[in-house]
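Nothing in this text is a laboratory measurement; each read-out follows from the coordinates by a stated rule. This is a predicted model, so every value here is computed, not measured. Glycine also receives a Cβ, built like all others from the backbone with ideal geometry; neighbour counts cover every protein chain displayed.
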Amino acid sequence: MNGGTLIAKELTAQGVKFIFTLCGGHISPILSGCKSEGIRVIDVRNEANAVFAADAVSRCSGIPGVAAVTAGPGVTNTITAVKNASMAQSPLILIGGATATALRGRGALQDIDQMKLMKPHVKWAISVKHVRDLVPAVKRGFRIAQDKVPGPVFIECPVDLLYDEDLVREWYGAKADDTPAKSFADKMLKIYLRRHVKKLFKNKDQVNFSESVSGIGFTNHSASDVKKVQKRLKKSEKPVMLIGSQAVLNPKMAEGLAKAISAMNIPVYLSGMARGLLGADHPLQVRHKRRLALKEADLILLAGVPCDFRLDYGRHIRPSAYYISINRSRKDLNKNKRPNTGVHSDPGTFLTDLSSVFIPDENKLHGWIDHLKKRDGEREAEISQKAEEKLQGINPIELFREMDKILGDNSILIADGGDFVATSAYTLKPRKPLSWLDPGVFGTLGVGAGFALGAKLCNPDSEVWIIYGDGSSAYSLAEYDTFHRHEIPVISVVGNDASWAQIAREQIEILHDDVATVLAYSDYDKVAVGYGGEGEKVNTINEFQDAIEKARLANSQKKPYLINAIISKTDFRKGSISM
């Protein structure tokens with residue numbers, strides 16, 4: 001077995017079903033080995049999208065996704081996606097090719113110091129030195145990626161560790177032949193290279209693919225932690241929970257977590273990947289006016305949510321309120337505002353354990369919940385009024401109102417954009433746990449196609465929608481070629497207002513200048529068609545409704561579809577920019 005096959009067999013042992021890549025000679029044996037092992041190889045058009053796809057697999061399946069990219073620019077193209085996974089606490093494995101071990105620093109093709117580049121952005125990085133170390137490195141990478149606070153891992157695999165030994169000897173001119181050396185220096189070089197190759201391949205067959213990955217876990221809470229929080233909740237008359245992405249790091253726990261939250265009868269706001277955890281219309285979920293609720297509450301429980309810019313660095317939390325934080329990361333646990341009670345643990349597990357001992361007083365919180373739900377209803381009415389405004393182009397709020405009506409229970413929403421996507425967050429209701437994927441705290445544009453690839457492959461029976469801003473769509477529209485070639489049907493809705501609207505709205509008001517924010521009403525649908533998909537441009541809400549039916553028909557035939565919706569400019573999110 002060559003090194004590529006060894007890696008493929010270990011990936012199989014770890015439960016990997018897909019590997020995402022953009023081909024390169026440095027990594028070809030890995031891809032060939034994966035294909036032979038029955039791992040589906042999905043080749044994309046940009047390395048960043050390979051990592052975004054692996055990230056989505058991690059979030060949807062609970063098994064770290066895997067991407068393999070070639071050396072040099074192949075690796076550097078992944079940096080943004082890797083950092084996004086790091087900040088989103090998403091476990092994944094990035095395998096990077098590298099120049100041959102004996103040629104480093106000698107001007108070989110695509111030879112750079114990749115380790116120095118990657119180490120600041122991953123949990124762990126290793127450059128493998130011998131063929132026998134490939135499998136242990138992959139095994140250890142899977143453990144580290146998932147352990148405690150999850151994140152990405154980088155495994156650098158020099159090209160001479162991946163191909164067959166005879167071929168590598170031929171490359172190095174290190175075969176044991178009778179060709180006489182031309183000089184003493186030539187003789188010494190031959191001896192050195194033969195010894196070098198011998199070391200590379202020594203004990204290459206002494207590997208174990210069946211050994212389980214051990215040590216995966218997190219700092220766990222104690223019974224006293226649960227009891228302390230339970231006592232504080234009992235005293236509270238206006239509690240609020242805010243649950244974030246970290247609470248659903250383990251997809252297998254999502255259903256049980258939803259039941260636990262329901263049983264506690266405490267009003268809850270959901271953010272990030274936790275959106276959809278309670279379904280579309282749960283009586284305890286509050287969607288609007290979160291800042292007001294946090295200012296009124298007497299107890300605030302953050303589960304997997306740090307006090308970063310999204311909570312105005314802790315200033316959204318009422319100073320006199322009792323503040324509880326549960327987080328896997330000790331750093332995030334105390335970020336910007338120290339909690340009255342901080343629990344260094346997995347928030348999903350903690351809430352599940354808490355619900356088993358906390359018996360709510362159904363009547364005690366009735367008025368508080370009614371107050372929050374009434375205000376929620378008032379905000380919904382305001383949004384509905386905004387949706388009825390007749391503007392030049394499709395009203396984006398009306399568009400999402402109509403889209404929400406037809407979303408099925410198996411729908412998955414991928415958020416990739418600024419203003420258009422943020423508008424969707426006010427109006428679309430994810431139907432189930434893990435049915436909303438957004439980049440996370442890094443706010444990265446360009447996740448759309450990669451996330452959709454991973455989500456659809458993990459959930460082949462789900463209807464996957466990409467919500468694209470017209471600006472963000474350009475980052476990954478080329479992946480319609482990937483959707484087409486691999487028969488991965490998704491539906492994209494591009495909100496086309498010919499503008500980087502989220503930036504333009506504030507920039508024009510403050511600086512009286514629209515520089516670099518103006519786009520064109522481009523035919524994004526034709527781009528999708530050119531790559532093998534189907535699509536159309538729509539100018540009215542009726543045309544949008546008709547396009548959805550066409551998109552679903554195309555999907556039933558395994559064809560991806562793109563709806564290029566010409567939308568109006570609005571002031572719906574005025575003042576929302578974060579810096």
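A few comments on the model shown:
- Interatomic Cα distance distribution for region 27-93, bins of 10 angstrom, percent: 22, 52, 25, 1
- DSSP beta bridges in region 388-566 [antiparallel fraction, %, rounded to 5]: 5 percent
- Net charge over other residues, Cβ less than 13 angstrom from the Cβ of Ala100 (K, R count +1; D, E count -1): 0
- Loop-located trypsin sites (Lys or Arg not before Pro) in region 95-125 (DSSP state not H, G, I, E or B) with no more than 10 neighbouring Cβ atoms inside 10 Å: Arg106.
- Net charge, Lys335 excluded, C-beta distance under 15 Å - Lys, Arg +1, Asp, Glu -1: +4
- Overall Cα dimensions of region 223-374 - principal axes, largest extent first, Å: 37, 35, 30
- Straight-line cross-link partners of Lys373 among the lysines, defined as a Cα under 23 Å from its Cα and at least 8 positions apart when in the same chain: Lys234, Lys235, Lys238, Lys259, Lys289, Lys295, Lys364, Lys386, Lys405, Lys429, Lys432.
- Scaled against the 2.2 N^0.38 Å expected of a compact globular protein of N residues, the Cα radius of gyration of region 388-566 reads 0.97.
- Helix 28-37 and the longest principal axis of the Cα set of the chain meet at an angle near 70°.
- Around Lys202: net Lys/Arg minus Asp/Glu count, Cβ-Cβ under 14 Å: +4
- To the nearest ten degrees, helix 347-357 and the longest principal axis of the Cα atoms of the chain are 50 degrees apart.
- Overall form of region 1-122 per C-alpha gyration tensor (a/c, 1.5; a/b vs b/c): oblate
- GluC sites (Glu not before Pro) within region 474-528: DSSP coil, no more than 10 neighbouring Cβ in 10 Å: Glu487
- Taking a ≥ b ≥ c as the square roots of the eigenvalues of the Cα gyration tensor, an a/c ratio of 1.5 or more together with a/b no larger than b/c marks region 76-146 as oblate.
- Each principal axis of the Cα cloud of region 189-309 was evaluated for its coordinate range; sorted largest first, these ranges are 79, 31, 25 Å.
- Expressed as a whole percent, the proportion of Cα-Cα pairs in the chain lying more than 37 Å apart is 39%.
- Sites listed here are GluC sites (Glu not before Pro) in region 336-400 whose DSSP assignment is loop and whose Cβ has at most 11 other Cβ atoms within 10 Å: Glu362, Glu388.
- By the rule of a C-alpha distance below 29 Å, with chain neighbours fewer than 8 residues away ignored, the lysines paired with Lys187 are Lys129, Lys175, Lys198, Lys199, Lys202, Lys204.
- Against the chain, whose longest principal axis is taken from its Cα atoms, helix 223-235 shows a tilt of about 20°.
- Region 271-279 - phi-based ³J(HN,Hα) in whole Hz, Karplus 6.51/-1.76/1.60, Gly and Pro as x: 9, x, 5, 6, 4, x, 4, 9, x
- In region 353-490, one over the average inverse separation of all distinct C-alpha pairs is 17.3 Å, which is the Kirkwood hydrodynamic radius.
- Each residue of region 188-195 was assigned a 3J(HN,Hα) from its phi angle through the Karplus expression (A = 6.51, B = -1.76, C = 1.60, θ = phi - 60°), giving 5, 5, 4, 4, 4, 5, 5, 5 Hz with x at Gly and Pro.
- Orphan Cys of the chain, criterion: no other Cys C-beta under 4.7 Å: Cys23, Cys34, Cys157, Cys307
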